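The values are calculated or read from the model by the stated rules, or taken from the named source; none is laboratory data. Quick caveat, the model's predicted, so the values are computed rather than measured. FYI the Cβ positions are ideal-geometry reconstructions off the backbone, even for glycines, and counts take in every protein chain you see.
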């Protein structure tokens, strides 16, 4: 493990460090800006490593349109309808940033913050820390957040914790985009995707959950057996599936459990295999949902580390998280965090070969 203390310079002039973890099998680059995954070098079936995480070689794109790539997003990942919610009888407003809704925490999200970092004692890991003040983007309560990345045996574990001094709502996730053929290699259409879920959250025309939890049976969302991403999306388009049209592909939360995160042992949420290289990624989590996003809205304006523009389906995001817009749906697992409580979540990214 080593650190580049001045990998980049933030817009306010502060140096931004990059940490590198290497367990002899997988190598992971982590950046203080956004507490983000900047690179992941994983071996194919012949042992040749390639960078399978989309991202950038410089800091500037992360401070602009590439803000979510690999980042810790919050305070509230995904969407809050109309950018407002009511908690204990008081209404709070988060500035809308996506079609009239707040997404990933508002206009100054955690993905744009410069976190502090330190080595995790006794492990191959890094701990990132951030203090979000009361009123940050409209959210109540001063929030102390920590994200630990630990790499061991080809498994990248992401342990997140948070405490608040006043009641608030919280939904944190990592927003890495994966392409197991390697960054800049084209689309993920040939990736075999399996999601261990029997239901998903139906969304309205602007991507916000309606409250309906729909079984995947008989729909393009039945991913309980592995299927090529491109083939399933094409099948859904031919069938005129309204939900796929609304998400420009998959941009939906799949249901894993009916309890808040941290209240169960991690279980497998998804498995992805790239047949040509043999690379496999499994996502294990204790969170109640996983947002599957096939990046249909990437428009080719961002150029990644390999020099290739990121167009639709250049990567696949598997975001372990609470349910989107949970503050408006009492039947969803709660996202309320109160003083004296500690939010905890654990997600593991397991890299291997087939």
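Being free of Cβ contacts under 8 Å to residues at least 24 places away in the same chain and within 22 Å of the chain's Cα centre (by Cα), is that true of even one residue in region 5-22?
There is at least one residue in region 5-22 that is free of Cβ contacts under 8 Å to residues at least 24 places away in the same chain and within 22 Å of the chain's Cα centre (by Cα).
Among the candidates 34, 29, 47, single out the residue that is modelled with pLDDT of 95 or more and on the phi < 0 side of the Ramachandran plot.
When all the criteria are applied, what remains is 29.
Hey, any hits in region 161-183 for a residue that's surrounded by 17 or more Cβ atoms within 10 Å (Cβ to Cβ), over 13 Å from residue 74 (Cβ atoms) and touching a helix residue (DSSP H, G or I) at 6+ places or on another chain (Cβ under 7 Å)?
Checked against the condition, which is being surrounded by 17 or more Cβ atoms within 10 Å (Cβ to Cβ), over 13 Å from residue 74 (Cβ atoms) and touching a helix residue (DSSP H, G or I) at 6+ places or on another chain (Cβ under 7 Å), region 161-183 yields no hits at all.
Could you please find all residues in region 23-32 being in contact (Cβ under 8 Å) with a residue 40 or more places away in the chain and either under 19 Å from residue 130 (Cβ atoms) or not in a strand (DSSP E or B) (or both)?
If the condition is that a residue be in contact (Cβ under 8 Å) with a residue 40 or more places away in the chain and either under 19 Å from residue 130 (Cβ atoms) or not in a strand (DSSP E or B) (or both), then 23, 25, 26, 30, 32 are the ones that fit.
So, residue 316, is that one in contact (Cβ under 8 Å) with a residue 12 or more places away in the chain, under 14 Å from the mean Cα position of the chain (by Cα) and closer than 15 Å to residue 180 by Cα or not?
Yes: the conditions hold for residue 316.
Taking region 277-294 on its own, how many of its residues are surrounded by fewer than 23 Cβ atoms within 10 Å (Cβ to Cβ) and more than 15 Å from residue 320 (Cα to Cα)?
3
Kindly indicate whether any position in region 264-276 is at pLDDT below 95, surrounded by fewer than 21 Cβ atoms within 10 Å (Cβ to Cβ) and assigned to a loop (DSSP other than H, G, I, E, B).
Yes; the residues of region 264-276 include at least one that is at pLDDT below 95, surrounded by fewer than 21 Cβ atoms within 10 Å (Cβ to Cβ) and assigned to a loop (DSSP other than H, G, I, E, B).
Scan region 85-100 for residues that are crowded, with 21+ Cβ neighbours inside 10 Å and in contact (Cβ under 8 Å) with a residue 60 or more places away in the chain and report the count.
Of the residues in region 85-100, 1 are crowded, with 21+ Cβ neighbours inside 10 Å and in contact (Cβ under 8 Å) with a residue 60 or more places away in the chain.
Assuming residue 250 fulfils every condition listed in (1) out of contact with any strand residue (DSSP E or B) (no Cβ under 7 Å at 6 or more places or on another chain); (2) more than 30 Å from residue 126 (Cα to Cα); (3) surrounded by 15 or more Cβ atoms within 10 Å (Cβ to Cβ) apart from one, which condition is it?
(1)
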